[in-house]
Amino acid sequence: MAASNLPLFRLDPTAPGSARGYITAAPAMTSAVDQSVFPDLTHPHVAGLAMGTLAILPRVAFTSATPTAAMTPMGLIERVTIHHSGFPQAWTLDDQGPTAEHLEFIRRFHTDAPPAGRGWADIGYHFAVDRAGRVWQGRSLLYQGAHVRNHNQNNVGIVVLGNFDLQSPTPDQVHGLTDLVTYLRCIYMMGQMEIWTHRELADEPTSCPGETLMAQVRVFRGF
């Protein structure tokens, strides 16, 4: 479902209320919509956040579907885990329309019944970052994700679109991911060591998030 004219949610440090950590909405949006992305956005920890604008495309930008079953509440958010989408072919499209269709394909794969899909209640990730650096809302942060088996509790799942054993993230993609992770760290008071990757938490071996993205995660951590 392409929706190139949908409004974006924006974090603007110069706007009234931004020192309290609220996301100010694009024109014609209301503050009530902000909490559909960050439903517990009442923390005072983003004052002085050194970034310009974080724009998040709402879930309706790629799907009108709702979860197919009940999900486990998230509880206190304590860490972030970074993934790649990891399809066998590199993902090379930048435009918003094809990206929305790709995210809907991922959501359907996650929710379709086995053997065609995973049989989960919703897309497994809370956020996605595309090649243009856009951040997309996925599963609500009210609920645990389905992205690291046995380790989803209190864990925000972010997927970066591409196979980073075959390609490198774009500079815009790295910028969008960095802004999102920085913002989440500030809201939930997470240290650098609470930035994880799938391979580091998985009970079974995986290359996710791929070697070139893994190198960027090491940069986030400062080593």
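The values are calculated or read from the model by the stated rules, or taken from the named source; none is laboratory data. Just so it is clear, the structure is predicted and the values come from calculations on it, not from any experiment. We place every Cβ from the backbone using ideal geometry, glycine too, and count neighbours over all the protein chains shown.
Being touching a helix residue (DSSP H, G or I) at 6+ places or on another chain (Cβ under 6 Å) and either under 13 Å from Pro209 (Cα atoms) or surrounded by 20 or more Cβ atoms within 10 Å (Cβ to Cβ) (or both) is the requirement here; does Arg131 meet it?
Details: touching a helix residue (DSSP H, G or I) at 6+ places or on another chain (Cβ under 6 Å): yes; either under 13 Å from Pro209 (Cα atoms) or surrounded by 20 or more Cβ atoms within 10 Å (Cβ to Cβ) (or both): yes.
Yes: the conditions hold for Arg131.
Among residues belonging to region 81-93 that are in contact (Cβ under 8 Å) with a residue 60 or more places away in the chain and surrounded by 13 or more Cβ atoms within 10 Å (Cβ to Cβ), point out the one that is farthest from Asn154 (Cα to Cα). Steps first, answer last, please.
If we filter region 81-93 for residues that are in contact (Cβ under 8 Å) with a residue 60 or more places away in the chain, which is where we start, we get 81-92.
Next cut, surrounded by 13 or more Cβ atoms within 10 Å (Cβ to Cβ) only: 81-87, 91.
Values: Thr81: 10, Ile82: 14, His83: 16, His84: 20, Ser85: 21, Gly86: 24, Phe87: 26, Trp91: 29 Å.
Checking each candidate, the answer is Trp91.
What residue, among those in region 61-76 that are surrounded by 14 or more Cβ atoms within 10 Å (Cβ to Cβ), out of contact with any strand residue (DSSP E or B) (no Cβ under 6 Å at 6 or more places or on another chain) and aliphatic (A, V, I, L, M), is nearest to Pro209 (Cα to Cα)?
Among those residues, the one meeting the criterion is Ala61.
Looking at region 173-183, is at least one residue touching a His at 6+ places or on another chain (Cβ under 6 Å) and not aliphatic (A, V, I, L, M)?
First, the residues of region 173-183 that are touching a His at 6+ places or on another chain (Cβ under 6 Å): none.
Scanning region 173-183 turns up no residue that is touching a His at 6+ places or on another chain (Cβ under 6 Å) and not aliphatic (A, V, I, L, M).
Filter region 136-180 for residues that are of a type in the set (S, T, N, Q) and closer than 14 Å to Ile56 by Cα; which is modelled with the highest pLDDT?
Step one: filter region 136-180 for residues of a type in the set (S, T, N, Q), giving 137, 140, 144, 150, 152-155, 163, 167-168, 170, 173, 178.
Imposing the further condition that a residue be closer than 14 Å to Ile56 by Cα reduces the set to 137, 140, 173, 178.
Values: Gln137: 93, Ser140: 93, Gln173: 96, Thr178: 90.
That would be Gln173.
State which residue is farthest from Ser140 (Cα to Cα) when the search covers only region 63-93 and only residues that are β-branched (Val, Ile, Thr) and assigned to a loop (DSSP other than H, G, I, E, B).
Taking region 63-93 as the starting set, the residues that turn out to be β-branched (Val, Ile, Thr) are 63, 66, 68, 72, 77, 80-82, 92.
Filter again for assigned to a loop (DSSP other than H, G, I, E, B), leaving 63, 66, 68, 72, 77, 92.
Details: Thr63: 13, Thr66: 10, Thr68: 13, Thr72: 11, Ile77: 13, Thr92: 27 Å.
That would be Thr92.
Can you confirm whether Arg149 is charged (D, E, K, R) and either surrounded by 16 or more Cβ atoms within 10 Å (Cβ to Cβ) or within 18 Å of Arg218 (Cα to Cα) (or both)?
no
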